[in-house]
Each structure stands twice: as structure tokens, then as C-alpha cells.
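The values are calculated or read from the model by the stated rules, or taken from the named source; none is laboratory data. Remember, it's a predicted structure, so these values are computed and weren't measured experimentally. A quick note on method: Cβ atoms are made from the backbone with ideal geometry, for glycine too, and the neighbour counts reach across all protein chains shown. Heavy atoms of the whole protein, side chains included, go into the accessibility calculation; ligands, DNA and RNA do not. Shrake-Rupley method; radii C 1.70, N 1.55, O 1.52, S 1.80 Å.
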Amino acid sequence: MDGTTIESQLTPFLFPNEPDWFTDIRREALKNRRITKDPRFAKVNYINWNLGELPEVNQVTQLDNDDQSTKDYILCSLSVALTKYENLVKKYFMQQTLTKFSDRLISFSTAFVNSGNFLYIPENTKLTTPIFMNHIADSAQNEEISHNLIVIGEGAQVTICLENEQAQASGKIHRISEIILAPNSHLNLINVDAFAADTDVYVNRQASVGENAKLDWSIGSFSDGNVVAEMNAELVGRHAQATINNGAITSGKQTQGMNTRVTNFAPHSIGKISQRGVILDQSRLVFNGIGKIIHGAHGTIAQQENRVLMLSDQASGDANPILLIDENDVVAGHAASVGRLDKKQLYYLMSRGLPKEAAKKLVVRGFIGTFAKEITDQRVRENFQKILERKLTDGE
């Protein structure tokens, strides 16, 4: 592939007034797209989804209302940030979490990024009101190829809710997020995914957690389309902590495959994964929980629990716990289960006068809705539960 071909492929995707260093990253990613392999999601075959294929595009345009910054933080679209806050973006963009093009879909998404958000919380900022981030579009293109960059400054404390509108056009979505926690910061992060049916989605969310920083991460995977998702927290500072709670529901004929990973790089760091999934109809759900302890990360904790509940004879699911340990002085453990609805529990509820379908819903709410208890903000919790109810109703 010569330079002319690279330029002609990238031109329709360039942001207005895009700086040269950002375009150089695109060029490098496009070259690597040809030589990198697709990411692996164990027991999920997504090749026929045709992710990583070029869409038809229009020239990217910048919207006037893309800057939603306040006196306490910066929040704007990625295209605005590249011109208005260029030095900040350059300091963090693919510098701490995604530092290399390790697979084809990362390379594709980086080369052809056409939208995304930039959120920067200055050091020692302590916000009591959550920040709600719906997707900020940079263009009117049908297919989203986005990159979100979230930076939490040293000593800052914040709750962020990233909600996904269900009423999206069908097609392909590629979404990358970088989440950076500086030392002594605390982030409550809630992702609520509700991608529409007839949509094939690739999600890659990477977090870097610094010294004495804490990440409490709740994910509601309530999409109707096909999804493969990477969620990864890297504990790079001493005494860093990350807890990932992931609740998923699949229905119809959809497939969701998830690699949820916590890597302990630093001593005395704590990583926990808790995943619960409900499978309806003819759908498929795969949890791959990966806890990794690097040599030298002594005194660390890596724990995970992956549980799947199947409500249909035609449903299929897997819960695959993986521990990769290269250090002796650690505490590590895992639990996994794949099973069907507890008939005794169901019978008990029905004996109290509940119809079978109502009793079944109540059991499912109890099984997967436990994550809502971890969400302290009432508005965020209620929205999480609302989308959960919608998914349960649609999956009847």
C-alpha cells in the first residue's frame, strides 16, 4: 500500500483542522491493519459480522454545540478537543492504555475514527453530581467509529454515566474508550449499553489505574444486537483497585461475547470481576473472565466470579474463568457456573400467587439486578433498572 492510497482512504475521515500528529497515528494504524489479526473471543464466532470493513462515508463535519464544558471539567467532542484542547489530547491519546495496535479492529478503529468524546477532570476536583455522557456525534455518517478519551486528574473524584441510545441506525459500530485514573483519584463509572437490533458492535474499553486510585465499574450489557466487547483494567500503581461488575442479558438470536480482564502490574493492587448473565430464546452469551498477575506484583488480590442463567432450552452460554499468575505472594480465586432457573425458587414464588412469567422475571431481577445496588446515585440507578426492565420485557 503506497502513500497515495493511504491518503485517499483516510481523507474522508479527517476531522476539520486535524493536527498532523493525529493524522500520523491514523496512517500508522492503517498500515498495521494489514498485518494484525482479529482479536480472539473464545467460543464466539463473529467473523461473518464483517466488522472492520470500510463504510460509505461523507466528509466529517464539526458541530457547533459539541463543547459542553463547565468551570469544573472539559467535555466536548473529539474533533473539538483536537483543536481547542490539543495539548491535553496529545498528552493522553494512546499513551497509557492503548499504546500499540495489537489487533486488526483496534487498527481499523484508530485509522478511521469519525467521532467520540473527550472528558477531562482536573486534579483534586470532587464532583457530587454525576456527569451523563450520551454519545456526541461528529458527523452524520451512518456507521459510528468512535474513540472516547476520559482522564481523571490526580486526587479527583467523580461519577460518570455513559448511556447508549437504543434508537440507532442498524449497521456496524466500532467504539474504543480510554479511561485514565491518575494517582489518588476515584471514579465510579457506569456503562449502559443498549445497541439496537440488526447492529453488529465491537467495543474496546481500556482503563489505566494509578497509585492509590480506585475504579468502581458497573456495566449493563443490555443490547439487542450482536456484540463483542473487551473490558480491561490495568492496575499500574501500587495499591490501585478496580472492581468490574458486568450484568448482561441476551435475547432473540443475538450473540454477545465478552472478554473482561483485570491485570495486576503493581504490588498490593486489588482486582475483582463479577459477571452475571441471563440468556433467553435462541441467544448466546459468553463470559471470558481473565485475571492476570504480573511477576513482581506481590501482595496483590485477583478474584472473579462468572455466572450464567439460561431460561430457554435453545439458549447457549459459557462462563470461562482464567487466572494467569506469575507471582507467589498473592491471593487469587475464581468461581463459575452455567445453569437453568431454580425450579424450587420458581415454585415457591408461584405458591405465593405469582403467575409463572411474573415469578420468572422476579428471579431474573434478583439474579442480575444486584449490580444496581452498587450504583449510589438514584438517577443513574433508576435508569440502569429501566433499561434492564425493557430488555426483560422485549425478551419475553
Here the qualifying pairs (Cβ atoms under 8 Å; residues six or more apart or on different chains; first in region 109-121 and open to solvent by less than 10 Å² (accessible area, probe 1.4 Å); second among the aromatic types (Phe, Trp, Tyr) and at pLDDT 95 or above) come out as SER109/TYR202; PHE118/TYR85; LEU119/TYR73; ILE121/TYR73
Restricted to region 24-51 and to residues being in contact (Cβ under 8 Å) with a residue 12 or more places away in the chain and among the polar types (S, T, N, Q), the residue most open to solvent (accessible area, probe 1.4 Å) is ASN50
Note on region 237-262: residues β-branched (Val, Ile, Thr) and either within 25 Å of ALA197 (Cβ to Cβ) or buried (at least 22 other Cβ atoms within 10 Å of the Cβ) (or both) are ILE244, ILE249, THR250, THR255, THR260, VAL262
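Residue-by-condition table, conditions (1) out of contact with any strand residue (DSSP E or B) (no Cβ under 8 Å at 6 or more places or on another chain); (2) modelled with pLDDT of 95 or more; (3) of a type in the set (A, V, I, L, M, F, W, C):
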position: MET258; (1), (2), (3): no, yes, yes
position: THR263; (1), (2), (3): no, yes, no
position: PRO267; (1), (2), (3): no, yes, no
position: ASN306; (1), (2), (3): no, no, no
Scanning region 52-68 for residues that are within 23 Å of the chain's Cα centre (by Cα) and either at pLDDT 95 or above or loosely packed, with under 12 Cβ neighbours inside 10 Å (or both) gives GLU53
Among the residues of region 83-102, the number that are at pLDDT below 95 and open to solvent by less than 40 Å² (accessible area, probe 1.4 Å) is 3
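Please work out if GLN345 is out of contact with any strand residue (DSSP E or B) (no Cβ under 9 Å at 6 or more places or on another chain), of a type outside the set (A, V, I, L, M, F, W, C), without any contact (Cβ under 8 Å) to a residue 40 or more places away in the chain and loosely packed, with under 13 Cβ neighbours inside 10 Å. Lay out the reasoning, then the answer.
On the way: out of contact with any strand residue (DSSP E or B) (no Cβ under 9 Å at 6 or more places or on another chain): yes; of a type outside the set (A, V, I, L, M, F, W, C): yes; without any contact (Cβ under 8 Å) to a residue 40 or more places away in the chain: yes; loosely packed, with under 13 Cβ neighbours inside 10 Å: no.
Spelling it out, it is not the case that GLN345 is out of contact with any strand residue (DSSP E or B) (no Cβ under 9 Å at 6 or more places or on another chain), of a type outside the set (A, V, I, L, M, F, W, C), without any contact (Cβ under 8 Å) to a residue 40 or more places away in the chain and loosely packed, with under 13 Cβ neighbours inside 10 Å.
Would you confirm, using the coordinates I've provided, whether ASN124 is assigned to a loop (DSSP other than H, G, I, E, B) and at pLDDT below 95?
In short, no.
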Per the filter on region 327-343, residues touching a Leu at 6+ places or on another chain (Cβ under 9 Å) and of a type in the set (Val, Ile, Thr) are VAL338
Of the residues in region 342-372 that are under 20 Å from the mean Cα position of the chain (by Cα) and not hydroxyl-bearing (Ser, Thr, Tyr), the one that is nearest to MET310 (Cα to Cα) is ILE368
Restricted to region 213-236 and to residues being outside any strand (DSSP E or B) and not polar (S, T, N, Q), the residue nearest to VAL192 (Cα to Cα) is PHE222
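Out of ALA242, ALA248, ALA197, I need the residue that is in a loop (DSSP other than H, G, I, E, B), in contact (Cβ under 8 Å) with a residue 24 or more places away in the chain and not β-branched (Val, Ile, Thr). Which one?
It is ALA197.
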Of ASP377, ASP313, ASP281, ASP326, the only residue that is within 24 Å of ARG261 (Cβ to Cβ), acidic (Asp, Glu) and open to solvent by 20 Å² or more (accessible area, probe 1.4 Å) is ASP326
